[in-house]
Amino acid sequence: MKVSVIIPAYNEKNNVVNLARDIINKIEHVQVIIVDDSKEDNISPLLEKINKVKYIFRGKKLGRGSAIIEGIKYLIKNTDTEIFVEMDADYSHDPNELKNNLKVFKEGKYDLLISSRYLSDSKIVNWPITRRIFSFLANSLAKFLLRVPVSDYTNGFRIYSNNAANHIAFNCGKIGEGFIILSEILVELYYKNFKVGETSSKFVNRVRGESSVNFREILNSFLGLIRIYNLKNQIKKNLN
């Protein structure tokens, strides 16, 4: 089955090229889509000798979520992708997990498989206490409001079926542009009866570069959860 991996990037020159190579070396019949929000294109010259990579340069920070949706739309229009993967550019998501995750995804016949940081056999490495607290609070609030039976609402290491990707492309991205789209997608798929599951994962805090998460994005994420709560209620109302 044709697999495509979408990697949103922002000032990730030191990571994303090596990550693309690692993915291509580990997975057969794969292509990598890098959606770059950096102000300058200093990545494309480094990709010239790597096959199976498509580089989309946007030139300004439009948000991780919108980068994923743009990548999905590109793949739907231009390729025969059957399985869509999203993962971060900074190696916090281990490419060594991809093969097993794809196996779990296929065997479970999922539409969305989340690599969870919060299952009993998952692990988080080198995360500052402030990020742990924020992630815990965000997931706790999301679980309380959205009521989807998963443990990790906000990790961006995911696999989507073709049907799910098409639904995302034409129905998601209305709540916000950053990480909040992860929860929006989850609600859209779960409450419209797509099959959602989780698998364990080892999350490693970045060792190179700086996080693109800032206070404004954190605030927008909490406000976005309220809008997604309303979206959930509207979906449930329309289905009844």
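Listing for the model above:
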{"quantity": "Segment 52-67 residues that are under 20 Å from G156 (Cα atoms) and aliphatic (A, V, I, L, M), paired with ones that are at pLDDT below 90 and not in a helix (DSSP H, G or I) (beta carbon under 7 Å, 6 or more apart)", "calculated": "L62/E177"}
{"quantity": "Which listed residue, of D121, D80, D111, D152, is among the acidic types (D, E) and closer than 28 Å to K61 by Cβ", "calculated": "D152"}
{"quantity": "Top-ranked residue in segment 101-110 [being touching a residue at least 24 places away in the same chain (Cβ under 8 Å) and either out of contact with any Gly (no Cβ under 9 Å at 6 or more places or on another chain) or basic (K, R) (or both); ranked as surrounded by the most Cβ atoms within 10 Å (Cβ to Cβ)]", "calculated": "N101"}
{"quantity": "Any hit, segment 123-135, residues being within 20 Å of E28 (Cα to Cα) and touching a strand residue (DSSP E or B) at 6+ places or on another chain (Cβ under 7 Å)", "calculated": "no"}
{"quantity": "Filtered residue count, segment 111-133, keeping only those that are closer than 16 Å to K202 by Cα, crowded, with 18+ Cβ neighbours inside 10 Å and not charged (D, E, K, R)", "calculated": "6"}
{"quantity": "Residue in segment 36-70 that is farthest from S4 (Cα to Cα), counting only those that are β-branched (V, I, T) and in contact with a Leu (Cβ under 9 Å, 6 or more places away or on another chain)", "calculated": "I68"}
{"quantity": "Unique residue being of a type in the set (D, E), touching a helix residue (DSSP H, G or I) at 6+ places or on another chain (Cβ under 8 Å) and modelled with pLDDT under 95 when the list is D90, D111", "calculated": "D90"}
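Results for (1) closer than 11 Å to Y160 by Cα; (2) touching a Leu at 6+ places or on another chain (Cβ under 6 Å); (3) of a type in the set (D, E), shown as yes or no for each residue.
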position: D80; (1), (2), (3): no, no, yes
position: F105; (1), (2), (3): yes, yes, no
position: D121; (1), (2), (3): no, no, yes
position: F136; (1), (2), (3): no, no, no
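The values are calculated or read from the model by the stated rules, or taken from the named source; none is laboratory data. Computed from a predicted structure; not experimentally measured. FYI the Cβ positions are ideal-geometry reconstructions off the backbone, even for glycines, and counts take in every protein chain you see.
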